[in-house]
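**Student:** Have a look at the structure that comes next, please.
The values are calculated or read from the model by the stated rules, or taken from the named source; none is laboratory data. On a predicted model such as this, the values are computed, not experimentally measured, just so you know. All Cβ positions, even for glycine, are placed from backbone atoms using ideal geometry, and neighbour counts span all protein chains on display. Quick note on the areas: whole protein, heavy atoms, side chains included, nothing else; ligands and nucleic acids left out. Shrake-Rupley method; radii C 1.70, N 1.55, O 1.52, S 1.80 Å.
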Amino acid sequence: MFSGVTGLVKRGQKLKGTVVLMHKNVLDVNALTSAQSPTGIIGGAIGVVGGVIGTTVDTLTSFLGRSVALRLISSTAADASGKGKVGKQTYLEGLVTSLPTLGAGQSAFDIHFEWDSDMGIPGAFYIENFMQVEFFLVSLTLEDIPNHGTIHFVCNSWIYNDKKYKSDRIFFANKAYLPSETPSPLVKYREEELKTLRGDGTGERKEHERIYDYDVYNDLGDPDSNARLARPVLGGSTLPYPRRGRTGRKPTKKDSKSESRSDSVYLPRDESFGHLKSSDFLVYILKSASQNVIPQLQSALRLQFNQPEFSSFNDVRGLYDGGIKLPTDALSKISPIPLFSELFRTDGEQVLKFPPPKVIQVDQSAWMTDEEFAREMIAGVNPHIIRKLQEFPPKSKLDSQLYGDNTSTITREHLQPNLGGLTVEQAIQNNRLFILDHHDTLIPYLRRINATETKAYATRTIIFLQDNGTLKPLAIELSKPHPQGDNFGPISNVYLPANQGVEAYIWLLAKAYVIVNDSCYHQLVSHWLNTHAVVEPFVIATNRHLSVVHPVHKLLLPHYRDTMNINALARNVLVNAEGIIESTFLWGGYSLEMSAVVYKDWVFPEQALPADLLKRGVAVKDSSAPHGLRLLIEDYPYAADGLEIWATIKSWVQEYVSFYYKSDAAIKQDTELQAFWKELVQVGHGDKKNEPWWVKMQTREELIESCTTLIWTASALHAAVNFGQYPYGGYILNRPTLSRQFMPEIGSPEYAELAKNPEKVYLKTITGKNETLKDLTIIEVLSRHASDELYLGQRDGGEFWTYDKEPLEAFKRFGKRLAEIEQKLIQRNSDETLRNRYGPVKMPYTLLYPSSEEGLTFRGIPNSISI
């Protein structure tokens with residue numbers, strides 16, 4: 001908050017300040033994506049913004065005069081009511097033309113405050129906007145404060161016309177205080193601001209508001225448009241779910257429990273920073289892709305091709321090699337045009353090309369190998385589902401009264417020929433057998449899923465850890481519902497590896513059914529539920545109960561950036577009824593409902609990486625091993641790299657928490673922290689409020705572990721399951737998302753066709769051409785980094801996010817350790833004895849490298865779930 005020392009103030013002397021803000025025009029997405037502009041939205045965004053800035057210089061003078069007023073608030077001198085004294089109203093003065101710290105699109109203004117010595121030290125300020133248009137306030141810096149030096153206020157907030165607010169907009173200096181340590185003149189201001197952010201829980205939220213509140217997932221369906229689009233309410237019912245941000249929209253006419261939908265979804269205003277941010281460009285692209293681009297491209301494809309199917313694997317590779325020729329007017333119908341000039345790299349002949357996915361950049365057929373199929377279970381986009389086989393045969397947790405006997409039909413005779421002389425019991429005892437189990441999640445819904453155009457199986461895959469450290473699939477069980485009813489138990493078939501003749505393609509199809517299930521589980525559970533959805537209640541509870549000057553708020557804030565924004569968009573175009581996910585993934589209309597069933601087993605402490613590894617049986621406690629855990633699959637890229645990141649996050653959180661909380665008693669006495677945790681448990685994750693595993697938040701260790709788990713989830717876990725989507729799944733043959741016909745049976749026409757043209761049958765079985773186009777368009781955007789991405793170890797506000805020097809130094813150490821870890825991971829990837837790190841596809845595991853450039857990089861850990 002304060003740095004440097006100056007002389008004593010004289011009565012009537014003015015304090016000099018600098019206000020940094022951004023004009024709304026600079027942040028106007030329409031200006032940035034004008035169809036007349038020749039500049040690509042990603043590659044040329046800054047060039048376009050520069051043009052907008054040039055046209056708004058004159059507009060900046062509108063901030064002068066009596067348009068924007070500020071009043072300083074004392075942190076040391078109180079008025080008769082005990083609140084900090086408020087200074088005189090002061091207005092912005094001249095435009096500062098040269099300030100080296102200004103970011104793109106930012107403008108700086110001089111300001112001078114009347115501030116006598118009896119007013120003490122400023123600790124907050126009010127701001128009023130008398131213009132009709134809002135602006136984005138970046139910061140206020142006060143210079144030469146008597147006996148203190150410089151005070152920084154990091155704001156990053158939208159300021160609307162003053163008449164829109166029920167209470168004055170206030171900002172606090174960058175010093176962190178526990179509630180009990182807050183300077184008494186600021187206590188009431190701190191409490192009032194939190195009350196404003198909580199709102200009163202009534203009415204429909206308006207764009208300018210900053211209110212954080214909870215609601216259930218009742219806005220996924222659209223029953224008023226069509227009964228087919230009705231979806232069950234998730235949360236507060238038999239289908240438990242984390243809470244989302246409340247919008248207060250009116251209920252639908254046909255279902256009073258469902259909320260009506262609208263093109264725009266309310267967000268607390270500062271959760272969407274403005275479209276100068278490249279992260280917002282990606283969000284905008286995502287929305288435009290789903291609403292404008294995909295329908296136009298599908299229409300063009302229908303005109304060009306008589307057949308909706310890929311005819312061969314080469315045909316699929318044509319998406320990246322030769323591209324798809326489009327009618328000359330196809331792109332002109334896509335608005336805005338610049339949106340895809342970089343994404344699809346179209347040329348003068350209107351050819352659509354997707355970038356070659358990393359999984360086929362070195363070898364176009366290595367994805368078909370058994371080694372790569374198994375390797376992606378520990379180094380792919382869903383690397384934390386595989387678990388150690390604890391019993392044989394594998395059993396089910398499903399109710400046998402409803403679903404019959406679901407014990408696996410895989411036998412010892414299926415496995416033992418490939419166990420290198422071991423019995424099944426010996427292999428289990430020696431920690432050599434593992435399972436990828438997608439059985440129990442599917443069985444209760446499989447009959448309904450198969451009643452649609454999709455045809456699928458529940459799957460179990462047994463994996464063997466070989467002497468060379470690689471994994472080998474031994475058997476795949478495919479199960480479908482009994483024709484006489486679920487209570488008869490499923491009908492199951494077991495498939496074994498084969499590499500010749502028609503049996504080799506039967507085996508390839510068996511692996512495809514497994515991957516389809518894994519793709520759905522990844523998208524709906526690993527990615528959506530276990531990162532996006534579970535973090536949102538933390539964002540809401542933090543803003544409702546932890547003041548911006550609370551140290552835990554400052555710790556967690558970087559890991560919340562844009563999460564509510566992308567989640568709101570997802571509810572509108574991705575996970576909504578017949579949205580992108582439902583139309584391109586196997587679970588279809590049951591997608592979110594099935595994720596709610598999985599949420600019943602969600603345990604927050606088990607989201608910590610060490611706890612997850614122990615639960616899945618892929619690691620054991622070992623005090624002599626790094627991080628106190630020994631991996632049973634020694635060459636397990638996600639786990640090995642993840643433990644390095646986890647330990648570094650925890651070390652940083654430990655240093656930070658220990659600085660502000662000198663004892664466990666300080667945790668118990670922190671009224672804001674206790675209110676935050678209570679509401680998070682009882683409301684934010686209210687369907688799990690009675691679970692015994694919630695910590696009571698009574699000790700520093702509980703706070704450290706909880707914050708580490710949350711930061712891990714929002715940063716490294718999300719990076720691991722998100723940024724590999726296109727590199728692995730951009731080649732639909734490698735990670736299909738749908739299955740449309742059952743396995744061909746011996747003697748059937750389908751079996752004969754498989755023997756004659758195996759590639760064609762495989763392509764008719766997995767995701768079709770239209771769905772592939774839609775899937776690739778979306779996951780390419782989801783797999784990209786924005787140009788202004790902030791990665792683990794980086795923060796908005798530079799050196800000024802906190803006044804306290806010890807946390808600043810600890811944060812620098814955190815960044816340095818992350819850089820050292822990255823070098824360590826690079827060395828691991830150059831070790832050819834660690835075969836699982838690159839596999840047959842020659843694709844080194846880089847998803848947990850902390851840093852990245854912008855674009856499709858297959859690396860980098862952003863601070864937050866921003867895409």
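**Student:** Scan (1) out of contact with any helix residue (DSSP H, G or I) (no Cβ under 7 Å at 6 or more places or on another chain); (2) open to solvent by 20 Å² or more (accessible area, probe 1.4 Å) for the single condition Phe723 breaks and write down its number.
**Tutor:** Against the list (1) out of contact with any helix residue (DSSP H, G or I) (no Cβ under 7 Å at 6 or more places or on another chain); (2) open to solvent by 20 Å² or more (accessible area, probe 1.4 Å), Phe723 comes up short only on (2).
**Student:** Based on what the data block shows, is Phe313 of a type in the set (Phe, Trp, Tyr), modelled with pLDDT of 95 or more and more than 30 Å from Ala639 (Cα to Cα)? Before the answer, list the steps.
**Tutor:** Working: of a type in the set (Phe, Trp, Tyr): yes; modelled with pLDDT of 95 or more: yes; more than 30 Å from Ala639 (Cα to Cα): yes.
Here the answer is yes, as Phe313 does meet what is asked.
**Student:** For residues that are assigned to a strand (DSSP E or B) and open to solvent by 30 Å² or more (accessible area, probe 1.4 Å), scanning just the range 64-95, find the one that is modelled with the lowest pLDDT. Give the steps one after another, and end with the answer.
**Tutor:** Just the residues of the range 64-95 that are assigned to a strand (DSSP E or B), to begin with: 68-78, 84-86, 90-91, 95.
Restricting the remaining residues to those that are open to solvent by 30 Å² or more (accessible area, probe 1.4 Å) gives 71, 76, 78, 85-86, 91, 95.
Details: Arg71: 98, Thr76: 96, Ala78: 97, Lys85: 97, Val86: 97, Tyr91: 96, Leu95: 87.
Among residues in the range 64-95 that are assigned to a strand (DSSP E or B) and open to solvent by 30 Å² or more (accessible area, probe 1.4 Å), the one modelled with the lowest pLDDT is Leu95.
**Student:** A further question follows. Of Asp200, Asp162, which residue is more than 27 Å from Leu574 (Cα to Cα) and free of Cβ contacts under 8 Å to residues at least 12 places away in the same chain?
**Tutor:** Values: Asp162 fails: free of Cβ contacts under 8 Å to residues at least 12 places away in the same chain.
Exactly one of Asp200, Asp162 is more than 27 Å from Leu574 (Cα to Cα) and free of Cβ contacts under 8 Å to residues at least 12 places away in the same chain, namely Asp200.
**Student:** Here is a check on your reading of the model: is Ser526 in a helix (DSSP H, G or I), closer than 18 Å to Val603 by Cα and among the small types (Gly, Ala, Ser)?
**Tutor:** On the way: in a helix (DSSP H, G or I): yes; closer than 18 Å to Val603 by Cα: yes; among the small types (Gly, Ala, Ser): yes.
Yes: the conditions hold for Ser526.
**Student:** Take the residues in the range 204-227 that are hydroxyl-bearing (Ser, Thr, Tyr) and crowded, with 19+ Cβ neighbours inside 10 Å, then tell me which one is nearest to Gly589 (Cα to Cα).
**Tutor:** Residues of the range 204-227 that are hydroxyl-bearing (Ser, Thr, Tyr), as a first pass: 212, 214, 217, 225.
Among the residues that remain, those that are also crowded, with 19+ Cβ neighbours inside 10 Å are: 212, 214, 217.
Values: Tyr212: 29, Tyr214: 25, Tyr217: 15 Å.
Among those residues, the one meeting the criterion is Tyr217.
**Student:** For residues that are in a helix (DSSP H, G or I) and among the aromatic types (Phe, Trp, Tyr), scanning just the range 606-662, find the one that is surrounded by the most Cβ atoms within 10 Å (Cβ to Cβ). Give the derivation first.
**Tutor:** Of the residues in the range 606-662, the ones in a helix (DSSP H, G or I) are 606-607, 609-615, 626-628, 637-660.
Imposing the further condition that a residue be among the aromatic types (Phe, Trp, Tyr) reduces the set to 638, 646, 652, 656, 659-660.
Numbers: Tyr638: 26, Trp646: 24, Trp652: 24, Tyr656: 24, Phe659: 15, Tyr660: 22.
By that ranking, first place goes to Tyr638.
**Student:** Of the conditions (1) touching a helix residue (DSSP H, G or I) at 6+ places or on another chain (Cβ under 6 Å); (2) open to solvent by less than 20 Å² (accessible area, probe 1.4 Å), Trp677 satisfies every one except a single condition; which number is it?
**Tutor:** (1)
**Student:** With the requirement that a residue be outside any loop (DSSP other than H, G, I, E, B), of a type in the set (Lys, Arg) and surrounded by fewer than 21 Cβ atoms within 10 Å (Cβ to Cβ), what does the range 826-867 give you? Let's see the steps before the verdict.
**Tutor:** Initially, the range 826-867 is screened for residues outside any loop (DSSP other than H, G, I, E, B), giving 826-829, 835-837, 855, 862.
Keeping just the survivors that are of a type in the set (Lys, Arg) gives 828, 835, 837.
Listed by number, the residues that qualify are Arg828, Arg835.
**Student:** Sticking with this one: Collect the residues in the range 96-119 that are buried (at least 19 other Cβ atoms within 10 Å of the Cβ), over 37 Å from the mean Cα position of the chain (by Cα) and either of a type outside the set (A, V, I, L, M, F, W, C) or farther than 28 Å from Lys164 by Cβ (or both), keeping them in residue-number order.
**Tutor:** Residues of the range 96-119 buried (at least 19 other Cβ atoms within 10 Å of the Cβ): 105, 107-109, 111, 113, 115, 119.
When the remaining residues are screened for being over 37 Å from the mean Cα position of the chain (by Cα), the result is 111, 113, 115, 119.
If the condition is that a residue be buried (at least 19 other Cβ atoms within 10 Å of the Cβ), over 37 Å from the mean Cα position of the chain (by Cα) and either of a type outside the set (A, V, I, L, M, F, W, C) or farther than 28 Å from Lys164 by Cβ (or both), then Trp115, Met119 are the ones that fit.
**Student:** Scan the range 476-497 residue by residue and report those that are among the hydrophobic types (A, V, I, L, M, F, W, C) and either touching a Cys at 6+ places or on another chain (Cβ under 7 Å) or closer than 17 Å to Ser396 by Cβ (or both).
**Tutor:** Taking the range 476-497 as the starting set, the residues that turn out to be among the hydrophobic types (A, V, I, L, M, F, W, C) are 476, 478, 488, 491, 494, 496.
Of everything in the range 476-497, those that are among the hydrophobic types (A, V, I, L, M, F, W, C) and either touching a Cys at 6+ places or on another chain (Cβ under 7 Å) or closer than 17 Å to Ser396 by Cβ (or both) turn out to be Ile476, Leu478, Phe488, Ile491, Val494.
**Student:** A follow-up question, please. When the residues of the range 228-237 are filtered to those that are crowded, with 20+ Cβ neighbours inside 10 Å and part of a loop (DSSP other than H, G, I, E, B), which remaining residue is nearest to the chain's Cα centre (by Cα)?
**Tutor:** Here is the first cut: in the range 228-237, the residues crowded, with 20+ Cβ neighbours inside 10 Å are 231, 233-235.
Then drop every residue that is not part of a loop (DSSP other than H, G, I, E, B), which leaves 231, 233, 235.
Working: Arg231: 23, Val233: 22, Gly235: 20 Å.
Checking each candidate, the answer is Gly235.
**Student:** Which residues, taken from the range 238-274, are among the aromatic types (Phe, Trp, Tyr) and open to solvent by 20 Å² or more (accessible area, probe 1.4 Å)? Before you say what the answer is, go through the steps one by one.
**Tutor:** Of all residues in the range 238-274, those among the aromatic types (Phe, Trp, Tyr) come to 241, 266, 273.
Tyr266, Phe273 - these are the residues of the range 238-274 that are among the aromatic types (Phe, Trp, Tyr) and open to solvent by 20 Å² or more (accessible area, probe 1.4 Å).
**Student:** Hey, another quick one. Got at least one residue in the range 440-461 being surrounded by fewer than 21 Cβ atoms within 10 Å (Cβ to Cβ), more than 31 Å from the chain's Cα centre (by Cα), of a type in the set (Lys, Arg) and over 30 Å from Glu271 (Cβ atoms)?
**Tutor:** yes
**Student:** Is it fair to say Tyr177 is under 30 Å from the mean Cα position of the chain (by Cα) and within 20 Å of Val683 (Cβ to Cβ)?
**Tutor:** Details: under 30 Å from the mean Cα position of the chain (by Cα): yes; within 20 Å of Val683 (Cβ to Cβ): no.
No: the conditions fail for Tyr177.
**Student:** Cβ-Cβ distance below 9 Å, separation of 6 or more or different chains: which pairs start in the range 492-507 with a residue that is assigned by the TED database to the domain that holds Leu442 and of a type in the set (A, V, I, L, M, F, W, C) and end on one that is open to solvent by 40 Å² or more (accessible area, probe 1.4 Å) and in a strand (DSSP E or B)?
**Tutor:** Ile506/Tyr495; Trp507/Tyr495
**Student:** Please list, ordered by residue number, the strands (runs of 3 or more DSSP E) wholly in the range 125-184 having 3 or more residues that are β-branched (Val, Ile, Thr) and crowded, with 20+ Cβ neighbours inside 10 Å. Reasoning before the result, please.
**Tutor:** Values: elements: 135-145, 149-159, 169-172.
Passing ranges, in order: 149-159.
**Student:** Here is a list: Ala512, Ala504. Which entry is over 29 Å from Pro223 (Cβ atoms) and in contact with a strand residue (DSSP E or B) (Cβ under 6 Å, 6 or more places away or on another chain)?
**Tutor:** On the way: Ala504 fails: in contact with a strand residue (DSSP E or B) (Cβ under 6 Å, 6 or more places away or on another chain).
Ala512 is the lone residue from the list that is over 29 Å from Pro223 (Cβ atoms) and in contact with a strand residue (DSSP E or B) (Cβ under 6 Å, 6 or more places away or on another chain).
**Student:** Turning to a different aspect of this structure: For the range 799-825, name all the residues that are open to solvent by less than 60 Å² (accessible area, probe 1.4 Å), part of a helix (DSSP H, G or I) and touching a residue at least 60 places away in the same chain (Cβ under 8 Å).
**Tutor:** Pro807, Ala810, Phe811, Phe814, Leu818, Ile821, Leu825
**Student:** Residues to consider are Gln364, Gln401, Gln390; find the one that is part of a helix (DSSP H, G or I) and either free of Cβ contacts under 8 Å to residues at least 60 places away in the same chain or surrounded by fewer than 19 Cβ atoms within 10 Å (Cβ to Cβ) (or both).
**Tutor:** Details: Gln364 fails: part of a helix (DSSP H, G or I); Gln390 fails: part of a helix (DSSP H, G or I).
Just one listed residue meets the conditions, Gln401.
**Student:** Additional query: Within the group Ile476, Ile540, which residue is over 19 Å from His439 (Cβ atoms) and buried (at least 24 other Cβ atoms within 10 Å of the Cβ)? Lay out the reasoning, then the answer.
**Tutor:** Working: Ile476 fails: over 19 Å from His439 (Cβ atoms).
Checking each option against the conditions leaves just Ile540.
**Student:** Does Ile506 qualify as being surrounded by 23 or more Cβ atoms within 10 Å (Cβ to Cβ) and farther than 21 Å from Ala451 by Cβ? Spell out the reasoning first.
**Tutor:** Details: surrounded by 23 or more Cβ atoms within 10 Å (Cβ to Cβ): no; farther than 21 Å from Ala451 by Cβ: yes.
So Ile506 does not fit the description; no.
**Student:** Let me ask something else about it. For the range 479-492, which residues satisfy the criterion of being out of contact with any strand residue (DSSP E or B) (no Cβ under 6 Å at 6 or more places or on another chain) and open to solvent by less than 10 Å² (accessible area, probe 1.4 Å)?
**Tutor:** Gly489
**Student:** Take the residues in the range 246-272 that are out of contact with any Phe, Trp or Tyr (no Cβ under 7 Å at 6 or more places or on another chain) and not in a loop (DSSP other than H, G, I, E, B), then tell me which one is modelled with the lowest pLDDT. I'd like the intermediate steps shown before the answer.
**Tutor:** Of the range 246-272, the ones out of contact with any Phe, Trp or Tyr (no Cβ under 7 Å at 6 or more places or on another chain) are 248-267, 271-272.
Narrowing further to those that are not in a loop (DSSP other than H, G, I, E, B): 251, 259, 271.
Working: Pro251: 97, Glu259: 97, Glu271: 93.
By that ranking, first place goes to Glu271.
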